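Let me begin by handing over the structure; questions about it come next.
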Amino acid sequence: MALRDVKPTRSELIALKRRIQLSERGYKLLKMKRDGLILEFFKILGQAKDTRDVLAEKYERAQEMIAIADTVEGAIGVKAAAFSVGDVPRIELKSKNIMGVVVPEISSTSVRKSPTGRGYGIIGTSSVIDEAADAFEDLLESIIHSAEIETTMKRLLDEIESTKRRVNALEFKVIPELTEARDFIKMRLDEMEREELFRLKKIKARSEA
């Protein structure tokens, strides 16, 4: 706000005082929101670390079991078992609110199946196929859970950055500029009042002469 554009009037001073009060109130609320979001983010960050560790373990397990299945059943046998699965997993996406931030809530069905529900014949395959299928179902559940947490973490981080920019703008630009304009008007009004008082004294002195 350029001081040359500020009108040194009492109505402008009152308006500026109101804007400063609103800005300071908004600043306090945004700071509280930012701090609350940061706390939520670190909670999710801890979950994300645990989820990543679990995901890495289950991925290694799935890779190990598919390698064993390839060795025992052969690549063709493994592919045949995989293609026989008819009921694919279904993902349901909902949302929830964390301090004003909309984050995903992901659920799934038909991920984990019984040996008879996978479509391939139990008699024609060995147990390593079942173990490989179990490992990949575990992995898929972890991927779905991880997707929810990682997306939540990203959205919280984006909101934290956005809120931080607004807090900084109020703290270092808006409020200081409004305060400077208020002080300028008060100074000009005081000067104008002194000038008017001096003018009245001169008029009085002339009239009494």
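With label points built 7 Å along Cα→Cβ from the Cα atoms of Met192 and Lys154, find their separation and express it in nm.
Here the modelled spin labels are 5.6 nm apart.
Mean Kyte-Doolittle of at least -0.5 and a Cα length of 24 Å or more along the axis: which whole DSSP H helices of the chain meet both?
10-83, 127-169
How big is D for region 10-99, in µm² s⁻¹ as a whole number, if Stokes-Einstein is applied with the Kirkwood radius of its Cα pairs at 10 °C and 1.306 mPa s?
After rounding, the answer is 82 µm²/s.
Further, regarding this structure: Kindly provide log₁₀ I(q)/I(0) values, in the same order as q = 0.12, 0.16, 0.17 Å⁻¹, from the Debye equation applied to equal alpha-carbon scatterers of region 51-209.
These q points yield log10 I(q)/I(0) values of -0.75, -0.98, -1.04.
According to a simple spin-label model (label point 7 Å from Cα along Cα-to-Cβ), what is the distance in nm between Val85 and Ile20?
Each label point lies 7 Å from its Cα, and together they span 6.6 nm.
While we're looking at this one, here's another question. Rounded to two decimals, what is the ratio between the C-alpha radius of gyration of region 163-202 and 2.2 N^0.38 Å?
1.89
Place a +1 charge on the Cβ of each Lys and Arg in the chain and a -1 charge on the Cβ of each Asp and Glu, then give the dipole magnitude about the Cα centre in debye, rounded to the nearest 20.
2400 debye
How large is the helix-only mean residue ellipticity at 222 nm for the chain, computed as the sum of -39500 (n - 2.57) over DSSP H runs with n ≥ 4, divided by its residue count, in deg cm²/dmol to the nearest 500?
-27000 deg cm²/dmol
Another question, then. Give the separation of the Cα centroids, region 73-87 to region 140-209, in Å.
Going from one Cα centre to the other spans 66 Å.
Coordinate-derived values only; no laboratory data. All of these numbers come straight from a predicted model, not from anything done at the bench. Ideal geometry is used to build each Cβ from the backbone, glycine not excepted, and the neighbour counts take in all protein chains shown.
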